[in-house]
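Q: Have a look at this one.
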Amino acid sequence: MSNAAEDYRPLVLLKLKDVMLRTGLSRSSIYNKLDTKSPYYDSTFPHQVSLGAVSVAWVEKEVEEWIGSRIKMREEI
């Protein structure tokens, strides 16, 4: 049986370049997925977290879950 200390996973934030590498998406594709006015808007794509006036990052776990959901969709076809 595992305890809470063993199950703890530190929160990791990813910068845009890391999200681009993990998803294979370009900068513009990522921001299009976040733009509700874009025809490429994806309500399931994780939103960025503001770190300051001009700095943002994404929660690693949310990005991983989104990638996992894309893989699951492929398997359902």
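The values are calculated or read from the model by the stated rules, or taken from the named source; none is laboratory data. From a predicted model like this one, the values you see are computed outputs, not experimental measurements. Note that we place each Cβ from the backbone using ideal geometry, even for glycine, and neighbour counts take in every protein chain shown. Side chains included, ligands, DNA and RNA excluded: accessible areas come from the protein's heavy atoms. Shrake-Rupley method; radii C 1.70, N 1.55, O 1.52, S 1.80 Å.
Q: Order LYS72, LYS33 by their accessible area, 1.4 angstrom probe, all chains in place, largest first. Walk me through the numbers on the way to the answer.
A: Numbers: LYS72 120, LYS33 40 Å².
Listed by decreasing accessible area, they come as LYS72, LYS33.
Q: Using the heavy atoms of the protein chains alone and a 1.4 angstrom probe, what is the accessible area of the chain per residue in square angstrom?
A: 77 Å²
Q: At q = 0.11, 0.15 Å⁻¹, what is the log10 ratio I(q)/I(0) for the chain, with the Debye formula run over Cα points and no solvent?
A: -0.35, -0.61
Q: Could you please put GLU65, GLU76 in sequence from largest to smallest accessible area, using a 1.4 Å probe?
A: From most accessible down to least: GLU76, GLU65.
Q: Give me the percent of the accessible area of the chain that comes from carbon and sulfur atoms, probe 1.4 Å, all protein chains in place.
A: Numbers: 3290 of 5910 Å².
In the chain, the share of accessible area belonging to carbon and sulfur is 56 percent.
Q: Sticking with this structure for a sec: Just to be sure I understand the model, the point goes 7 Å from the Cα along the line to the Cβ. What's the resulting SER29 to LYS15 distance in nm?
A: 2.1 nm
Q: Now, a different point. Would you work out the relative contact order for segment 26-77, in percent, from Cα pairs under 8 angstrom that are 6 or more residues apart?
A: 20 percent
Q: Continuing with this model, one more query. Quick one: how many Å² of ARG22 are accessible to a 1.4 Å probe, rounded to 10?
A: For ARG22, solvent-accessible area is about 110 Å².
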